Amino acid sequence: MIKVTCRKLRKTFVQGETQIKGLDDVSLSIEKGEFVCLSGPSGSGKTTLLNALGGLHTPDEGTIEIDGDVISQMGASELADLRLRRIGFVFQSYNLIPVLSAQENVEFVMQIQGVDSQERDQRAKAILKEVGLEGMETRLPAELSGGQQQRVAVARALVSEPALILADEPTANLDSATAENLMQLLENLNRKHQVTLVLATHDTRIMGFARRQIRMQDGKIISDEISSGSQHALRGGDPLTASHQEQDF
Amino acid sequence: MNIELRLAWRNLWRHKKRTWITVAAMVFSNVLLVLMLSLQLGSYQMMIDNALGLFSGQIQIQHQDYLENPKFRDDIVHPQGLVNTLKQATDLETISSRGVTFALVSSASRSYGVQVVGVEPQSEPLVSTIPGLIIEGRYLQASSSKQNEDPVAEVVLGKVLARNLKVGLGDELTLLGSGRDGSFAAGVATVVGIFNSSLPALDRTMIQLPLDYFQHLFASENRASYVVLNTPTPLELTQLNATIAELLAQQRPDESLQVRDWDALQPGIRQAIQADLSSAAFMYGVLILLVAFSVMNTQLMSVLERTREFGTMMALGLKPWRLVKLIFLETTMMATLGMLLGAILGAMLTQYYHVVGFYYPGMEEMAAKFNLPERFYPDVTWFATFIGPIFVMIASIIAAIYPALKIRKLDPISAMRAV
Ligand SMILES: Nc1ncnc2c1ncn2[C@@H]1O[C@H](COP(=O)(O)OP(=O)(O)OP(=O)(O)O)[C@@H](O)[C@H]1O
Ligand SMILES: [Mg+2]
C-alpha cells in the first residue's frame, strides 16, 4: 500500500579507473499494491535499484518519492524509521544475524519496532510455519541450509507486515516446490493486504507470478510490461520444471 | 530481554577465548591493583600505628605554642574535664592526658637528665604501646582512689636508661627539677618496671610515673601538658579534627588550645606516604592504560568483524546509536566481569597475606626509620578492593569510545558488502 516513484535515477560506482553505471537514467512509477518483477542479467542493476528504492543508496542524480515523500531529502534517522516501519527487505545474501536463532532473527524487526514479546512470538512462529520452518525456530543461521536461511530472511521481511517489500532473489536457493509456496505467500500478501511488492530475480519460474515485468540491462530499464494473462506462467512455461509442477497441481 | 542486551551477551561468547583473554587482562591488573593498594594502605596504617602508637599518639590537644616550644607553663587546666568532654563528643575511649617536663634523675651511682612523663596508668595503655612493652616488672598502677592519700611514687623507665643508671626493680631513683611555679622539685620513686620500645631515643631518655605523682612533685596540680587521642582510622582525620576544634572553641575559648594531628606531630610520615603513593600512582596508571588498550583492541576487532551484520541491522532500520549502545553494553559486561573477578581474587589474595603476613622487599630502610616490623599484615578494605577495579572499568568503557565511533561512520550498503 505504498506508491513509489523515481525519476531519472543515476548511480555510478567508481572502481579504480573504471566507472560502472549501476543505474542509468531510470524512471519508474510503481502504484500501490503492484507486484513488480525486476529481471535482467547479472550486474544489470537490480540490486542497486532495490537499494535505492529502500533508501539505502543515495542516487547521484534523480529523485525517489515514497508516498509523496522525497527520500533524498530525509535524514539518516528518518530513513531508518521509514525502513523500519514501512519496508521489508529480503537481501540477496540473506544477511541473517549469526548470533540470533531463526525465530529471533524473524523477531528482530518487530523487536526494534517495540512489539511486545508475546505478539512477537506468535507472529514469528506463524510465519516460520508458513515458510516451512516449523521446528527450526531455535536453530542458529549456521545450523540452517542456504534455502532455509533464505526463508528465514523472507520471514523476517514479511512478519512485520510492511507496506512495501523489496526482495532480492528471494528464491535463488529454493527448490521449485518451496519457491512456489513462497511465491504464493507473497502473492497472498499482495492481494489481500495490497502490499506493494518489488522482486528481483533471475528465476523464470517465478517471474510469472508478477503482473508487471521490468527488464534491466547495464543499469537501464529495457522493457516494462504488464502481463495480462495468468500469473502462473511457470505452469505452461519452463519445460525443466514442468514435470514437477504436474505433481503440485 | 532487551535486544541490545541479548546481542551483547551472545556476542561476548561468540569468541569465548578472546573475551576471556580480555577479561583475564582486567582480572590480572585488578588483582595486582587490589593487592598493591592494600599493601600500601596497610603499610601506611602500620607506619602510623607504630610510629604514633608507640608514644606520640595520632592526635594531641595542646596549647598553641607547645608544639614549637614545649614549655611547662603552656599547659591545660583541668585536663580530666577536657578528656571527659572529648570522650562524649567523639565516642572514643582512647584518650588520656600527660604531663611532661625535664629533670635530673639519680641512682646510687649515676645521674642523667631525662624526660619525665606523668601518665594516667589506667588510660595510658589505650594511647601508647609502651605499657605493653615492659620487659621486667610491671607497668604503673592506678593509685587507690582514697582521698588525701599521697600518690604512689613509682616509676618505669627505658631499658637503656636503666642500664646506664645501673638500677633494677625495687631500686630507688631521686628526681630533681623545678616545679611549674619555678619552685624546687624533688622526690624519690621506686622502679617497678623497665620497658623496651626498640626506639633508642625513648629507651635512653624517658621515665614515666603516675600523673598524680607528677602533679604533686612538680607543683602542677590539676594540670597536664597535653591530651592524647587515638582513633582506629588515622588516615581519615579531617572530620574528627573539625569536631574537636569546634569543641575546644566552644568549651575552652580562652585557653588557646589547638588540635595537632599526626601530620603536625610527625610531618615525615605524610611525606613518606605521599612520595610512595605518587610513585605507585604512575605504575597503576600504566597498568590501567594497558588494560584500556587491550579492551580497545578487542572491541575494534569485534566491530570490524561484525561490519556486515551491523550493516544489515541498520538496513533493517536499527539506528546507529543503538549499535553504539551495544558496544558499550558489551564492554560494560566484560568490565563488570573483570571487576568482580579481579576484586574477589584480589581480596582473597590480600586476605591470604593478612593471615600469613607480607614481607616488603626494600622496606627495611623505612621500617627502621619509623619503627616498623619487617613483616606486616594488610587488611582487606572496601576501598582498596574496589577503587582500582573501578578505575579499570571506567578506563575500559572509555576505551570503547573509539571502536564505537567507527559504527557511526558505517553506511549500511557498504557495510553489508563487507566480508
Ligand atoms: N558498491 C559497489 N561498488 C562498486 N560497484 C558496484 C557496487 N554495487 C554495485 N556495483 C556494480 O554495479 C552494477 C550493478 O550491480 P547490481 O548488484 O545492482 O547488479 P544485479 O543486477 O543485482 O546483479 P546480480 O543479478 O548478480 O545480483 C554491477 O556491475 C556491480 O558490479
Ligand atoms: Mg543483485
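The values are calculated or read from the model by the stated rules, or taken from the named source; none is laboratory data. Keep in mind that this is a model prediction, so the values were computed, not measured. No Cβ is skipped: glycine too gets one built from the backbone with ideal geometry, and neighbour counts run over all protein chains shown.
Looking at B:LEU7, B:LEU12, can you tell me which residue is touching an Asp or Glu at 6+ places or on another chain (Cβ under 8 Å), crowded, with 22+ Cβ neighbours inside 10 Å, within 14 Å of another protein chain (Cβ to nearest Cβ) and not hydroxyl-bearing (Ser, Thr, Tyr)?
Within the list B:LEU7, B:LEU12, the selection yields B:LEU12.
Which residues, taken from the range A:195-225, are within 16 Å of ligand 2 (Cβ to nearest atom), closer than 20 Å to A:GLY54 by Cα and of a type in the set (Val, Ile, Thr)?
Across the range A:195-225, the qualifying residues are A:VAL198, A:THR201, A:ILE214, A:ILE221.
Where in the range B:306-397 are there helices (runs of 4 or more DSSP H), lying wholly inside it, with at least 2 residues that are within 14 Å of chain A (Cβ to nearest Cβ) and modelled with pLDDT under 95?
Result: B:307-315, B:320-356.
When you go through A:LEU166, A:LEU197, A:LEU158 one by one, which is the residue that is closer than 16 Å to A:LYS46 by Cβ and away from ligand 1 (no atom under 15 Å from the Cβ)?
Just one listed residue meets the conditions, A:LEU197.
Looking only at the range A:57-101, which residues are part of a helix (DSSP H, G or I), among the hydrophobic types (A, V, I, L, M, F, W, C) and free of Cβ contacts under 8 Å to residues at least 24 places away in the same chain?
Correct list: A:ILE71, A:ALA76, A:ALA80.
Can you confirm whether the range A:53-64 contains a residue that is within 14 Å of chain B (Cβ to nearest Cβ), among the hydrophobic types (A, V, I, L, M, F, W, C) and either under 25 Å from B:THR312 (Cα atoms) or within 16 Å of ligand 2 (Cβ to nearest atom) (or both)?
Checked against the condition, which is being within 14 Å of chain B (Cβ to nearest Cβ), among the hydrophobic types (A, V, I, L, M, F, W, C) and either under 25 Å from B:THR312 (Cα atoms) or within 16 Å of ligand 2 (Cβ to nearest atom) (or both), the range A:53-64 yields at least one hit.
Restricted to the range A:96-134, and to residues that are within 11 Å of chain B (Cβ to nearest Cβ) and more than 21 Å from A:ALA163 (Cα to Cα), which residue is nearest to the chain's Cα centre (by Cα)?
The selected residue is A:LEU96.
With the checklist (1) closer than 19 Å to B:TYR112 by Cβ; (2) out of contact with any Asp or Glu (no Cβ under 6 Å at 6 or more places or on another chain) in hand, flag the one item B:SER197 doesn't pass.
(2)
Taking A:LYS32 as the residue in question, decide whether it is more than 12 Å from ligand 1 (Cβ to nearest atom), among the charged types (D, E, K, R) and not in a helix (DSSP H, G or I).
Yes: the conditions hold for A:LYS32.
Working only within the range A:53-94, note down all residues that are within 14 Å of ligand 1 (Cβ to nearest atom) and over 13 Å from the mean Cα position of the chain (by Cα).
Hits for the range A:53-94 are A:LEU56, A:HIS57, A:THR58, A:PRO59, A:ASP60.
Could you list, in sequence order, the residues of the range A:65-85 that are facing chain B (nearest Cβ under 9 Å) and more than 22 Å from B:ARG417 (Cβ to Cβ)?
A:SER77, A:ASP81, A:ARG85
Going by the conditions given, is A:GLY40 at pLDDT 90 or above and touching a Ser or Thr at 6+ places or on another chain (Cβ under 8 Å)?
No.
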